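What follows is a single structure, written as structure tokens, with notes after it.
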Amino acid sequence: MIVTGDQIEIPSMRIYDMLSESATRRPTQRATIFGNHVLTYEQLLVAVRRAMAGLKALGVQQGDRVGILLPNCPQYVIAYYAITGIGAIVVQMNPLSPPPELEYLFQDSGATAVIALDKTLPGVRSVQSATSLTNVIAVRFGQSEASLAAGEQWFDEWLASSSSEADPASFDPDETIAILQYTGGTTGRPKGAMLTHQNVVANAIQADSMIPHQVTESDMSVCALPLFHVYAMTVAMNVSIYNAIPILLVPRFQPKELAELIQRHRPSFFPAVPTMYLALAQAIPEGSDALSSLTVCNSGGAPMPLQVMQTFEAVSGATVLEGYGLSEASPLTHVNPSAERRKLGSIGLPTPNTEVRIVSLEDPSVTLPVGEEGELAIRGPQVMKGYWKRPKETAETLVDGWLLTGDVAKMDEEGYTYIVDRKKDMIIASGYNVYPREVEEVLYQHPDILEAAVVGVPDSYRGETVKAVVVCKPGRELTAEAVESWCRKHLSAYKVPKLVEFRTELVKSAVGKVLRRSLREQPTR
């Protein structure tokens, strides 16, 4: 059975065109709200065009890769639209990444420039000699304790020094790569999903079409998810830009502070992951109407527990619509369409112009009937061009025009999809993808560790949490605290094991493969 979403018209557009058209339509409408700083759409477009000229002056050309290493802030939006506007490629990066991760991303992408938070400069400098980086634009909020080195400029001064505005580059949106969205796998290091301009624009339009009510200029979106996450990029930022509505930019998720912001600004849209919904609901005093303005709450990034959904809806009065996506699809592929038509436990129906089928785990050319479990396969205008410099992995994931998601799912007779399990061993902790192989490689570098395996285990707050099972070398001893401390030096915080179990050996198959399922099923001692 193949299920197809509604058919809508999706024009061929550059990412820049979404902003340009919105600025023409509503020039005085607020575009970004960041603390007390507000940019209108007209002001945002001018800043983007000046940044485009500034990038060109640095020698950045079409097809060059430029990293963004920032929290949610107006500079992120400006950088994103400016880089893509001149036909260069955005490399999305987590500003909390430790130097080993930064070095890999810079080396693999070949980025020649980065727009980075001042606090990340020591990490950038520590890996710069091993990369192609020649230009660093540093963002500061108020006074900064950092001093600049050779080849570095302050973003505000750099933007002010650009006296001209550049026009967007001319290119084919269907073929031109706009974003390298790094995602991982259980068999290797993270790889960059190549998202074209048309992939990204199409997904913004698809997501917009799934909003239950007609978007008006009085709507506002909350962006508390980090913009380097593909979900926030599309659903929080690009959908808002496409509709010319304000984006309330939240650089750090803190439940009580966010509740106060929502009460003050009265936004209507709130895309988030389940852990954020739970934490926000717990931060609201009984009887408070702080969240009463919220009307559209989309949940993604991880399965939404029914109890979490009910708790948040009881506190806010809003309806949470669960969806599904992945980096390789820009990311949205499914959404529950409305409060009346949602099915709890389901990821919903395909977005417009998207085809979905369940295929055999052994043979992806075989489509399975209703109710049978197999691998979820996707085809649509939002599906990536392939993996950056990874032809083998691309061929394994894009088969006859279909994206094999690696998730085991089933469909009902109405076309609603249900995720059953993951074909891959990927862990989803608080909406972030954690790949066991990457964590295991760090553990194996520890001088006292003989063997290690990493699995995801259920967690009532995070959905899943990272568990490391460790075998020490003979005569050596470690504590869980020592293992966590080691990992924090080499990994982002969300990848660090929250549970550490010590064993004398790992359970393996007859051919020596670690049996991860047995590690998940056995209780932590």
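Brief remarks follow.
- When every residue of the stretch 77-100 is checked against the conditions, none turns out to be outside any strand (DSSP E or B) and touching a Cys at 6+ places or on another chain (Cβ under 7 Å).
- Only one of the numbered conditions (1) in contact (Cβ under 8 Å) with a residue 40 or more places away in the chain; (2) in contact with an Asp or Glu (Cβ under 8 Å, 6 or more places away or on another chain) is violated by R266, and that is (2).
- Apart from one condition, V434 fits all of (1) farther than 15 Å from L506 by Cβ; (2) of a type in the set (A, V, I, L, M); (3) at pLDDT 90 or above; the exception is (3).
- Subset of the stretch 340-383 (residues that are modelled with pLDDT under 95, aliphatic (A, V, I, L, M) and within 22 Å of L398 (Cβ to Cβ)): L361
- Flag for L344 being more than 19 Å from I8 (Cβ to Cβ), part of a loop (DSSP other than H, G, I, E, B), in contact with a helix residue (DSSP H, G or I) (Cβ under 7 Å, 6 or more places away or on another chain) and not acidic (D, E): yes
- Positions within the stretch 40-49 being surrounded by fewer than 21 Cβ atoms within 10 Å (Cβ to Cβ) and hydrophobic (A, V, I, L, M, F, W, C), in sequence order: V46
- Looking only at residues in the stretch 160-215 that are modelled with pLDDT of 95 or more and among the β-branched types (V, I, T), the one that is nearest to Y104 (Cα to Cα) is I179.
- Residue within the stretch 454-461 that is under 22 Å from E103 (Cβ atoms), of a type in the set (V, I, T) and without any contact (Cβ under 8 Å) to a residue 60 or more places away in the chain present: yes
- Criterion violated by G475 - all others in (1) in contact with a strand residue (DSSP E or B) (Cβ under 8 Å, 6 or more places away or on another chain); (2) more than 30 Å from L368 (Cβ to Cβ); (3) surrounded by fewer than 21 Cβ atoms within 10 Å (Cβ to Cβ); (4) modelled with pLDDT of 90 or more satisfied: (1)
- Considering the stretch 110-135, and only residues there that are in a loop (DSSP other than H, G, I, E, B) and in contact with an Asp or Glu (Cβ under 9 Å, 6 or more places away or on another chain), the residue that is farthest from I89 (Cα to Cα) turns out to be A130.
- All conditions but one from (1) without any contact (Cβ under 8 Å) to a residue 60 or more places away in the chain; (2) within 23 Å of L69 (Cβ to Cβ); (3) outside any loop (DSSP other than H, G, I, E, B) apply to A149; the one that does not is (3).
- Filter pass, A138 being farther than 27 Å from S22 by Cα, modelled with pLDDT of 95 or more, of a type in the set (A, V, I, L, M) and in a loop (DSSP other than H, G, I, E, B): no
- Among the strands (runs of 3 or more DSSP E) confined to the stretch 161-260, the ones with at least 1 residues that are small (G, A, S) and not assigned by TED's automatic domain parsing to the domain that holds I68 are located at 177-185, 188-196, 221-223.
- Counted residues, the stretch 341-373 - those being more than 24 Å from L321 (Cα to Cα) and in contact with a strand residue (DSSP E or B) (Cβ under 7 Å, 6 or more places away or on another chain): 8
- Close pairs (6 angstrom Cβ cut-off, 6 or more residues apart or separate chains): aromatic (F, W, Y) in the stretch 479-492, outside any helix (DSSP H, G or I) anywhere: W486/H446
- Look at the stretch 498-525: where a residue is over 18 Å from G463 (Cα atoms) and a partner is of a type in the set (D, E, K, R) and at pLDDT 90 or above, sitting 6+ places away or on another chain with Cβ atoms under 8 Å, you get E501/K467; R525/E501.
- Of all residues making up the stretch 444-454, the number that are out of contact with any Asp or Glu (no Cβ under 6 Å at 6 or more places or on another chain) and crowded, with 23+ Cβ neighbours inside 10 Å: 1
- The stretch 120-143 residues that are under 22 Å from I83 (Cα atoms), paired with ones that are modelled with pLDDT of 95 or more and of a type in the set (D, E, K, R) (beta carbon under 6 Å, 6 or more apart): V136/E152; A138/D118; A138/E152; R140/D118
- Number of positions in the stretch 24-48 that are farther than 13 Å from L159 by Cβ and free of Cβ contacts under 8 Å to residues at least 40 places away in the same chain: 10
- Meets criteria (under 30 Å from P350 (Cα atoms) and touching a residue at least 60 places away in the same chain (Cβ under 8 Å)) for A51: no
- Residues of the stretch 261-275 that turn out to be part of a helix (DSSP H, G or I) and either aromatic (F, W, Y) or crowded, with 23+ Cβ neighbours inside 10 Å (or both), as a count: 2
- Matching option when the condition is hydroxyl-bearing (S, T, Y), loosely packed, with under 15 Cβ neighbours inside 10 Å and over 30 Å from K343 (Cβ atoms), among S460, S492, S485: S485
- Members of the stretch 417-433 that are touching a residue at least 60 places away in the same chain (Cβ under 8 Å), part of a strand (DSSP E or B) and either in contact with an Asp or Glu (Cβ under 8 Å, 6 or more places away or on another chain) or surrounded by fewer than 17 Cβ atoms within 10 Å (Cβ to Cβ) (or both): Y418, I419, I428, A429
The values are calculated or read from the model by the stated rules, or taken from the named source; none is laboratory data. Since this is a predicted model, take the numbers as computed values, not measurements. No Cβ is skipped: glycine too gets one built from the backbone with ideal geometry, and neighbour counts run over all protein chains shown.
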